[in-house]
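Okay, so here's the structure we're looking at.
The values are calculated or read from the model by the stated rules, or taken from the named source; none is laboratory data. Not measured: the values here are computed from a predicted model. Using ideal geometry, Cβ is built from the backbone for each residue, glycine included, and neighbour counts are taken over all protein chains shown.
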Amino acid sequence: MPLLRAGFTYFSLVFGAGFLLGAVLVLVLVPRLGARLAELSEMPLMAVVIVLAARHVLRRWPLPNATACLLVGGLALALLLAAELTLAALVEGQSPAHWIASLDPVSGPVYLAMLPVYALMPLVLRPAR
């Protein structure tokens, strides 16, 4: 049960911050910078959020081994992708394939490259034992 709580908390922290940053992005940065630069400017902030969220989870639930870290990161990633795809379907009426195809050719691959970073961060930050 602690692994489920840890994975859900990790997902919730990162998704919640991303949702708030996304609102600022759409309302403030996109009109000034354009969608691509606004999305790219969000990536370093989300990287910091990922690190802070993973640290919080590791402090709250000291994970016993690398497998537990990978399970927490994998669960959080699965929840994140499910949320992203659900929002794309509900808000924009997009299928998963259409959502991926609609990603910006520059910021989209950066976002996709951040996904394994997100999944692996609990393992990367796990204290040496």
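The range 55-129 holds helices (runs of 4 or more DSSP H) entirely within its bounds, and those carrying 3 or more residues that are modelled with pLDDT under 90 and within 21 Å of PHE19 (Cα to Cα) map to 66-92, 96-101.
Being farther than 22 Å from ALA113 by Cα and either surrounded by fewer than 13 Cβ atoms within 10 Å (Cβ to Cβ) or out of contact with any Phe, Trp or Tyr (no Cβ under 6 Å at 6 or more places or on another chain) (or both) holds for only one residue in LEU27, LEU103, LEU13, LEU20, and it is LEU27.
Only one of the numbered conditions (1) in contact with a Pro (Cβ under 9 Å, 6 or more places away or on another chain); (2) closer than 19 Å to SER12 by Cα; (3) among the charged types (D, E, K, R) is not met by ARG36, and that is (2). Taken as a whole, the condition of being aliphatic (A, V, I, L, M), surrounded by fewer than 16 Cβ atoms within 10 Å (Cβ to Cβ) and more than 11 Å from the chain's Cα centre (by Cα) applies to ALA35.
Do we have LEU77 as under 16 Å from the mean Cα position of the chain (by Cα) and over 25 Å from LEU40 (Cβ atoms) here? Considered against the rule, which asks whether it is under 16 Å from the mean Cα position of the chain (by Cα) and over 25 Å from LEU40 (Cβ atoms), LEU77 comes out as no.
If you go through the range 80-126 and pick out every residue that is under 16 Å from PRO44 (Cα atoms) and of a type in the set (Val, Ile, Thr), you end up with 3.
Return the residue satisfying two criteria in turn: it lies in the range 100-129 and is touching a residue at least 12 places away in the same chain (Cβ under 8 Å) and charged (D, E, K, R), and of such residues it is farthest from ALA54 (Cα to Cα). Checked the range 100-129; the qualifying residue farthest from ALA54 (Cα to Cα) is ASP104.
Annotation note: Cβ proximity below 6 Å between a residue of the range 11-37 that is over 30 Å from LEU75 (Cβ atoms) and a residue that is of a type in the set (A, V, I, L, M) and surrounded by 17 or more Cβ atoms within 10 Å (Cβ to Cβ) (sequence gap 6+ or interchain) occurs for LEU29/ALA38; VAL30/ALA38.
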